[in-house]
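Colleague: Please see the structure below; I have some questions.
The values are calculated or read from the model by the stated rules, or taken from the named source; none is laboratory data. Remember, it's a predicted structure, so these values are computed and weren't measured experimentally. Note that each Cβ is placed from the backbone with ideal geometry, even for glycine, and that neighbours are counted across all protein chains shown. Side chains included, ligands, DNA and RNA excluded: accessible areas come from the protein's heavy atoms. Shrake-Rupley method; radii C 1.70, N 1.55, O 1.52, S 1.80 Å.
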Amino acid sequence: MVNGMAVKGTPGGAAASDLCDPIMPEAPVAGDIVITEILFDDPNATDSIEYIEIFNTSDKLLDLSAVSLTSSMISYTIPASTQLDKSSYLILSYDNIRFADVYNEDALGWGVGSNTLDDSS
């Protein structure tokens, strides 16, 4: 990385800063992201520990701005400027602070006091 931009290569021994091409994120298409894990109504925790894990199956840097998860149980739009690198995970948690305390991992929070995953239907 040079100045926050990925370097594609340095052919001919040129300085990386002279050849720096930023890798621009792309909007995901069908199959680029998949839900890999969901935890809701954990019997050993409160609702605040609920989470959804998504995975970038592509070989592209994805721009997840405006990607939404919507059902009768949850409605959440991923914030602007959220990017997911190739072969990487993103965790969405009801309460990202509580999630970090329990799992020592970062997550995006969809909001304490708003929608929770509900398996009562």
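Colleague: Of all residues being over 11 Å from the mean Cα position of the chain (by Cα) and charged (D, E, K, R) in the stretch 49-66, which is farthest from GLY31 (Cα to Cα)? Just the residue, please.
Modeller: Here the answer is GLU50.
Colleague: Here's something else I'd like to know. For the stretch 67-91, give me each residue that is open to solvent by 70 Å² or more (accessible area, probe 1.4 Å), among the hydrophobic types (A, V, I, L, M, F, W, C) and farther than 17 Å from MET24 by Cα.
Modeller: MET73
Colleague: Could you list, in sequence order, the residues of the stretch 16-41 that are of a type in the set (D, E, K, R) and either surrounded by fewer than 12 Cβ atoms within 10 Å (Cβ to Cβ) or at pLDDT 90 or above (or both)?
Modeller: Hits for the stretch 16-41 are ASP18, ASP21, ASP32, GLU37.
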